[in-house]
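First the structure, in the form of structure tokens, and then the observations on it.
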Amino acid sequence: MVMNIDVKTGIHYGVIHHAKVGQAWYDESDALFPNKENGEDDDDFEPIGFYIDKDGYEACQGNDDCDIFITKSPFYTICKLCSPCAPNAGYIMDSDPKGYKTYCFGHDWFETNQAPYPVYDVKTGFLVPILAKED
């Protein structure tokens, strides 16, 4: 079994600290709650994590974890692998042109409209231009 790699594309899962993305993660993600019994609603529980499954992204963050795991994205970067705590996953803030294709967030996830790493399109393999900053 290959861990932390999309076996269809060969692209590694990406890892990024939630503070690097900032508010965009909490604006776009949904809370994940534990299994509920009949009659209980989400207000009865603290979330056990956060996740996103839209716009071509699949990502999750455990409630007690500061890292977001990106398991699907329309974009990738090339970076070094994480430490042994996430075998085969890439730490997307650690760019390395000799590294591994790793799923990442696009430029629009960052307040400056520029990711702090090179962003490539999964479909074309081309470098994605930096977005113009909105006034």
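Every read-out reported here was derived from the displayed coordinates using simple, explicitly stated rules and does not represent laboratory data. Please read these numbers as outputs of a predicted model, since none were measured by experiment. Virtual Cβ from ideal backbone geometry, glycine too; neighbours counted across all protein chains shown.
Only Cα pairs under 8 Å and at least 6 apart count here; give the relative contact order of region 59-109 as a rounded whole percent.
Normalised by residue count, the contact order of region 59-109 is 35 percent.
Please report the relative contact order for the chain, taking Cα pairs under 8 Å with a sequence separation of at least 6, and give it as a percent rounded to a whole number.
24 percent.
As an exercise, take the mean of 1/r over every pair of distinct alpha carbons in the chain, invert it, and state the Kirkwood radius in angstroms.
15.6 Å
Within 15 Å, Cβ to Cβ, of D6, how many net charges do the neighbouring residues add up to if Lys/Arg are +1 and Asp/Glu are -1?
+2
Which order results if Y100, Y57 are arranged by neighbouring Cβ count within 10 Å, fewest first?
The most exposed by this proxy come first: Y100, Y57.
Using the 10 angstrom Cβ neighbour count as an exposure proxy, how do I11, I48, I70 rank, fewest first?
Least crowded to most crowded, the residues run I48, I11, I70.
Give me a comma-separated list of calculated 3J(HN,Hα) values for region 50-66, in order, Karplus coefficients 6.51, -1.76, 1.60 applied at θ = phi - 60°, integers in Hz, x for any Gly or Pro.
Ordered by residue, 3J(HN,Hα) equals 9, 8, 9, 8, 6, 6, x, 9, 9, 8, 8, 9, x, 4, 9, 10, 8 Hz.
Which net charge results when you count Lys and Arg as +1 and Asp and Glu as -1 among the other residues whose beta-carbon is under 11 Å from that of K72?
Here the charged neighbours net out to -2.
For the pair D55/A19, report the inter-label distance in nm, with labels modelled 7 Å from Cα in the Cβ direction.
Going from the D55 label point to the A19 one covers 2.4 nm.
In the chain, how many lysine pairs have Cα atoms under 14 Å apart, counting only pairs 8 or more places apart or on different chains?
So the count of such lysine pairs works out to 9.
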